[in-house]
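Notes follow once the structure below has been shown.
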Amino acid sequence: MAVNLKGKSLASLFDWTREEIEQVLKTSELLKLQNLRGEAHPLLKGKTLGMIFEKASTRTRVSFEVGMWQLGGYALYLSSGDLQLGRGETIGDTAQVLSRYVDGIMARVFSHQTILELVKYSRVPVINGLSDYSHPCQGLADLFTMYEKKGRLEGLKVAYVGDGNNVSHSLLYGCSKTGAHIIVGTPKGYEPRAEVVSRSVEEGRKSGSTVEITNDPEKAVRHADVIYTDVWTSMGQEKEKEERLKRFQAYQVNPQLVRGAKEDFIFMHCLPAHRGEEVVNEVADSKNSVIFDQAENRMHTQKALMALIM
Ligand code: CP
Ligand code: NVA
């Protein structure tokens with residue numbers, strides 16, 4: 001039976017059940033089909049989404065804005081620097097005021113605490129469009145893309161190679177909740193947060209998926225169905241760039257590393273990619289790469305998410 005998601009916020013995939021996540025994936029499939037067929041689907045006619053951005057974005061901004069338009073609604077781009085937030089108005093007051101105007105709030109922020117504050121004070125659902133802790137909208141699009149390409153999530157071996165960052169956290173939660181095995185290969189000191197790992201192990205016990213962390217990139221990709229990477233230096237970490245470039249060299253996704261994966265593995269990246277760093281062109285542009293379908297799916301899955309919660 002369909003679960004009712006009206007009014008539910010998405011701060012982290014950890015807060016959502018397997019059934020709720022699968023509901024978004026099923027709805028994404030329908031909406032993507034309608035979009036391809038050119039059928040109108042004005043599920044959010046007359047509704048508005050406020051989009052707060054503290055950081056740059058290409059995919060998130062455009063996929064939400066166009067997605068909202070396709071659903072018959074309207075999205076407002078609000079740069080945090082132009083809001084009174086930039087002059088000291090609190091997150092709590094901002095959330096309460098915006099809630100009087102819009103039907104949903106999406107925010108891309110530095111600190112995850114900001115998302116939690118928005119959720120606390122908002123009367124309308126809040127969507128995390130990336131924080132230092134998680135990127136759940138990316139996680140939904142990733143699961144949908146894997147399902148589309150491989151026909152299942154259960155039992156897939158997903159290898160994430162690189163920095164144990166926000167994207168890796170959402171992938172850990174998403175895979176462990178839906179039955180996909182996940183192994184993360186990172187340099188020492190750059191592992192995903194311990195709390196995320198232990199919670200994912202716990203989720204995996206329920207879904208039948210295994211969760212493993214290793215410092216050996218070759219071990220991570222061995223027999224993998226999916227190889228996933230992200231930038232070594234996330235937004236807000238620019239000062240660490242030189243150090244990170246050195247520390248991550250052995251974790252580059254290149255033809256030599258992917259040799260250990262299954263022949264029909266898919267290569268995924270949330271984008272933007274720093275070609276020549278975490279991935280080289282021979283992999284990013286290979287027949288195994290699904291990075292642009294994955295980027296497209298951000299829009300389909302976020303439309304499903306908005307239609308279900310708003
Ligand atoms: N993957 C992703 O969130 O991309 P943007 O930073 O371009 O939004
Ligand atoms: N980990 C990256 C993802 C960008 C979409 C960052 O936070 O900058």
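Descriptive notes on the structure:
- Residue, surrounded by the fewest Cβ atoms within 10 Å (Cβ to Cβ), within the stretch 230-244, restricted to residues that are over 24 Å from V158 (Cα atoms) and within 16 Å of ligand 1 (Cβ to nearest atom): E238
- Selected residue (criterion: surrounded by the fewest Cβ atoms within 10 Å (Cβ to Cβ)) from residues of the stretch 264-302 that are among the basic types (K, R) and closer than 17 Å to E148 by Cα: K287
- Residue in the stretch 124-143 that is crowded, with 24+ Cβ neighbours inside 10 Å, more than 14 Å from ligand 1 (Cβ to nearest atom), among the β-branched types (V, I, T) and within 21 Å of E212 (Cβ to Cβ) present: no
- Residue within the stretch 165-175 that is more than 16 Å from ligand 2 (Cβ to nearest atom) and either in a helix (DSSP H, G or I) or in contact with a strand residue (DSSP E or B) (Cβ under 6 Å, 6 or more places away or on another chain) (or both) present: yes
Per-residue answers, yes or no, for (1) closer than 16 Å to N128 by Cα; (2) within 20 Å of the chain's Cα centre (by Cα); (3) assigned to a loop (DSSP other than H, G, I, E, B):
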site	(1), (2), (3)
A40	no, no, yes
G46	no, no, yes
G50	yes, yes, no
A56	yes, yes, yes
F64	yes, yes, no
W69	no, no, no
G72	no, no, yes
E89	no, no, yes
S99	yes, no, no
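- Qualifying residues in the stretch 146-164 (those that are outside any loop (DSSP other than H, G, I, E, B) and surrounded by 24 or more Cβ atoms within 10 Å (Cβ to Cβ)) - the one nearest to ligand 2 (Cβ to nearest atom): Y160
- The stretch 191-294 holds helices (runs of 4 or more DSSP H) entirely within its bounds, and those carrying 1 or more residues that are closer than 27 Å to H112 by Cα map to 194-207, 241-247.
FYI, it's all coordinate maths here, none of it is from the lab. Model, not experiment: these values are computed from the prediction. Here the Cβ is made from the backbone with ideal geometry for all residues, glycine too, and neighbour counts use every protein chain on show.
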